[in-house]
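What follows is a set of notes on a single structure, which appears directly below.
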Amino acid sequence: MNHPPKNTATKTDSMSSDSLSPIEVIWRCDNAIAINKPSGLATQAPAGIESVESRLIAQLSRQDAYLAFPHRLDRAVSGVLLVALTKRAARLLSGQFASRKTTKHYVAIVQGQAMLDEVWEDYLCKTKGKPRTEVVEQNSEGAKLASTIVRTIDMDANRDQTRLELQPLTGRMHQLRVQTSSRGFPIVGDDLYGGRAIPVEQVKPPLVDRILLHAAKLEFFNPTSGKRESVVASCSF
């Protein structure tokens, strides 16, 4: 079987073109906003390194104002990201994630073809000395339960790929990436967990510094009104 052609764009090209446009704000209330986070951009980073935080501080003119992140997305992942604009909002939103009062919906394109409608449960542990996670036995030191609802959206036989809807019920490091990979369905573009390169025609514009995993929808309680909100971020694949 012939593998898809590799993406020939450079990281510098993808980041420089993406930096020209403002980050998309897709929801707002009095003390928080939600953005459609670009791929290839860390949520936060040390001073002098571009991040969502540094971009928003400049974009929203908040150099001397409060701005915090009650949750994060991996650098290579795009999608809905909440940003608190007050300490109270940060506390309320962080509490919702900690108590699992939020509902997260992701879309991923994985290698292989499978018709799935099930719940995945694994015990995960951070790999010592490496920025990755692995599946371990339940009684292993540091093991934490990871649960995800999985449903097939569609399959592409020509590319040997499956589009999945993933709803994580827990929030472990790289949870979706390692759970898909450990079952033989690595996310396309995720070379850390065995995924092949993204075909150049599959994402417009083609970006090398991403994986085909997108936080498509987030449900949470408005920190101002208490109303249940459902925020959707458009996906490029």
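The table below gives the values:
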| read-out | value |
| --- | --- |
| Residues (under 16 Å from A146 (Cβ atoms), open to solvent by 20 Å² or more (accessible area, probe 1.4 Å) and either in a helix (DSSP H, G or I) or in contact (Cβ under 8 Å) with a residue 60 or more places away in the chain (or both)) located in region 104-121 | K104, Y106 |
| Count of residues meeting criterion [hydrophobic (A, V, I, L, M, F, W, C) and surrounded by fewer than 16 Cβ atoms within 10 Å (Cβ to Cβ)] in region 49-87 | 4 |
| Yes/no for V203 being in a loop (DSSP other than H, G, I, E, B) and in contact (Cβ under 8 Å) with a residue 24 or more places away in the chain | yes |
| Of the criteria (1) more than 30 Å from E229 (Cα to Cα); (2) in contact with a helix residue (DSSP H, G or I) (Cβ under 7 Å, 6 or more places away or on another chain); (3) of a type in the set (A, V, I, L, M, F, W, C), which one A108 fails | (1) |
| Hey, T148 open to solvent by less than 20 Å² (accessible area, probe 1.4 Å) and either farther than 27 Å from S236 by Cβ or of a type outside the set (A, V, I, L, M) (or both) or not | yes |
| Residue pairs meeting the criteria (Cβ under 6 Å; at least 6 apart or on separate chains; first closer than 17 Å to P186 by Cβ and at pLDDT 95 or above, in region 208-222; second among the small types (G, A, S) and in a strand (DSSP E or B)) | L213/A108; H214/S78; H214/G79 |
| Residue in region 148-158 that is in contact with a Lys or Arg (Cβ under 9 Å, 6 or more places away or on another chain), part of a helix (DSSP H, G or I) and of a type outside the set (A, V, I, L, M) present | no |
| Check on T162, in contact with a Lys or Arg (Cβ under 9 Å, 6 or more places away or on another chain) and in a strand (DSSP E or B) | no |
| Residue tally, condition under 17 Å from D122 (Cα atoms) and either surrounded by 24 or more Cβ atoms within 10 Å (Cβ to Cβ) or within 16 Å of the chain's Cα centre (by Cα) (or both), over region 174-222 | 10 |
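The values are calculated or read from the model by the stated rules, or taken from the named source; none is laboratory data. This one's a predicted model, so the numbers in the text were calculated from it and none came from an experiment. A quick note on method: Cβ atoms are made from the backbone with ideal geometry, for glycine too, and the neighbour counts reach across all protein chains shown. These area figures cover heavy atoms from the full protein model, side chains too; ligands, DNA and RNA do not enter into them. Shrake-Rupley method; radii C 1.70, N 1.55, O 1.52, S 1.80 Å.
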